[in-house]
1. Report, ordered by the first and then the second residue, all pairs with beta carbons closer than 7 Å, sequence separation of six or more or different chains, a first member in the stretch 105-130 that is part of a loop (DSSP other than H, G, I, E, B), and a second member that is of a type in the set (Asp, Glu) and away from the ligand (no atom under 11 Å from the Cβ).
2. Please pick out the residue among ALA227, ALA246 that is under 30 Å from ALA44 (Cβ atoms), out of contact with any strand residue (DSSP E or B) (no Cβ under 6 Å at 6 or more places or on another chain), surrounded by 16 or more Cβ atoms within 10 Å (Cβ to Cβ) and at pLDDT 95 or above.
3. Which of the following residues is out of contact with any Lys or Arg (no Cβ under 8 Å at 6 or more places or on another chain) and within 16 Å of the ligand (Cβ to nearest atom): SER112, SER58?
4. Just one of the numbered conditions (1) within 16 Å of the ligand (Cβ to nearest atom); (2) within 30 Å of VAL177 (Cβ to Cβ); (3) of a type outside the set (Ser, Thr, Tyr); (4) assigned to a loop (DSSP other than H, G, I, E, B) is not true of ALA151; which one?
5. Give the stretch 372-384 a look and list any residue that's out of contact with any strand residue (DSSP E or B) (no Cβ under 7 Å at 6 or more places or on another chain) and surrounded by fewer than 21 Cβ atoms within 10 Å (Cβ to Cβ), or say none.
6. The conditions are (1) in contact (Cβ under 8 Å) with a residue 24 or more places away in the chain; (2) more than 16 Å from the ligand (Cβ to nearest atom), and ALA175 fails exactly one of them. Which is it?
7. Step by step: first the residues of the stretch 62-104, then only those that are under 22 Å from ARG213 (Cβ atoms) and away from the ligand (no atom under 13 Å from the Cβ), then the one that is surrounded by the most Cβ atoms within 10 Å (Cβ to Cβ). Which residue is that?
8. What is the residue count in the stretch 4-59 for residues that are open to solvent by 50 Å² or more (accessible area, probe 1.4 Å), farther than 16 Å from LEU85 by Cβ and small (Gly, Ala, Ser)?
Amino acid sequence: MSKTSNAMWGGRFATGPDAIMEAINASISFDKRLYAEDIEGSRAHAAMLAETGIVTDSDAAAIREGLLTIKSEIEAGDFPFSAALEDIHMNIEARLKELIGEPAGRLHTGRSRNDQVALDFRLWVRGQCDAAAEALTALIRALIARAEETADFVMPGFTHLQVAQPVTFGHHLMAYVEMFGRDLSRFRDARARMNESPLGAAALAGSSFPLDREATAQALGFDRPMANSMDAVADRDFALEYLSAASICAMHLSRLAEEMVIWSTAQFRFVAMSDAWSTGSSIMPQKRNPDAAELIRGKIGRVLGAQIALFTVMKGLPMTYGKDMQEDKEQTFDAADTLLLSLAAMEGMVASMTPDRAAMRASAALGFSTATDLADWLVRELGLPFRDAHHVTGALVAKAEGKGCDLPELTLEDMQEAHAGITAGIFDVLGVENSVASRKIYGGTAPDQVRAQVARWRGMLGT
Ligand code: ARG
C-alpha cells in the first residue's frame, strides 16, 4: 500500500491510494510509450510560455534542457518509472523537479493532463498514419514489380471461388494495389483531419493565461489549434479514424493472405512461397506451411478488436474527459504494431514468392473458362441476342462435359449442331490467351492494360 499522497495533485489528499486503486489507475506501464511526444509537447509549451512572458526565459530554458536530459535517460533505459506517479506525464514532471528544482513546477502553467494526453496521443497516432503510409507504399511497390513480371501469366479468375473467366496474374495483383492504394489515401485523409492542436484547451474550458495556441500548434507541425476546448480534450475521433483505416487495411491483407494460402496448396500450385516465409511440420516431412500468410490472415482480429474496443469505450461518454479514455491506448498501440508487422511481412512474401506460370495456365483452361468468349462471338459474328447466345453456349458446355473435353476441343460439327451458323472462326476466341488479350478495355485484364496500370501507379508513386 502506498501511503504518501501524490506529489502532483496530493494537496487535498492525506494518504496515497490503496494498492489495487494504484493498479487500476496507473497507466505508466503502457503510456510510457508516449514519452517522446510528451517531451516534444512540453518543450513547445515551455517555449511558448517564455515567448508570451508567462514564465521567464531562464526557467523555460532550464525546463527545455531538463526535458532533453529525461529523454536521454528514458532512451538509455535508466529512467525510474513509478506506478505511484500514475502516468508518463507525472513521471516526467516529477523527474524534472528532481533535475531542475523549482522551475519544473512552472511547466504545467495553463495546461492540464487532459490537453496534454490528448496532444501526446494525437501526435503518436499522427506518426502511425505516416508509418502506415510508408509501409503501404513499400508493399504497393512490391506488388507492382511482381504484376509487371506476370502481366501475361494466364490464370483462372474466380467468382464464388468457381472458375469464371481467364485473367492474368498481374491483373489479380493489381487489384490489391487498388485496395492498398485506397488504404494509403485513407491514412492520409485521417492524418489531414487530425492535424489540429488540442494544446491550450487545458482541463476543458481553455485558459485564462494568454497562451499562444497558434505558436504551439505550429511548433508541433499542426495546421491550427482546435477551435473548441471541450472538443479538444474529449475527442478521440483521430484514433478511431486511424483504427478504421487500419481495420480496412488489415482486412485487405487478410484477403491477400488467404489467396496465398490457397495458391500455395498442392491442389493449386499457382505460387510457391519462399522458404523464408514458410515453416515445416514436425511430423510430416513433405509439409511446407504458409504460416506467415495464415498469421496475417488472422491478425485482422486484433486490429478490428481494437477499433471495436475504442468505439465501445467512447460511446455514451458525456463531455468532456473521463478516465475511461485512458482505455484508448493499449489496444491502439497493439493494433498499430500488428498492422506494421503484417504490412512488412506481406511485402516480404510478395517480393519472394515464385508464381508458377505453367500451373496457372493449365488451371485456367479447366472449367470452361472461355464460355463467355464463345457467347460473345455468337453475338458479335452471328448477331444473336445475348440471351440466345447464352443458351447456345450452355448447350455446348453440356456437350463438352459429356465428351469429357474442354470447349476448344469440340469439333466444328459439334458446334454447328448447337447453332448452324457457327464457323471455324469461333476457335480463335476460345483459347485462354485469346480471351485475356481481348479484354483490353480500360480496367480489363489484357496484358497491355495491366502494364498501363503498372505505369500509372509508378507515375503516381514517383518511381
Ligand atoms: N493517464 C491519463 C490518460 O491516459 C492522463 C490524463 C489524466 N487526466 C485526468 N484528469 N486524470 O487518460
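The values are calculated or read from the model by the stated rules, or taken from the named source; none is laboratory data. Note that this is a predicted model, so its numbers are computed, not measured. When we count neighbours, we look across all protein chains shown, and the Cβ atoms used for this are built from the backbone with ideal geometry, even at glycine. Accessible surface areas use protein heavy atoms only, side chains included; no ligands, DNA or RNA. Shrake-Rupley method; radii C 1.70, N 1.55, O 1.52, S 1.80 Å.
1. Going by the 7 Å Cβ cut-off, the qualifying pairs are LEU107/GLU93; HIS108/GLU93.
2. None of the other options fit; the residue is ALA246.
3. SER112
4. Unmet condition: (1).
5. Listed by number, the residues that qualify are ASP376, VAL379, ARG380, GLU381, LEU382, GLY383, LEU384.
6. (1)
7. The qualifying residue surrounded by the most Cβ atoms within 10 Å (Cβ to Cβ) is ILE63.
8. Of the residues in the stretch 4-59, 3 are open to solvent by 50 Å² or more (accessible area, probe 1.4 Å), farther than 16 Å from LEU85 by Cβ and small (Gly, Ala, Ser).
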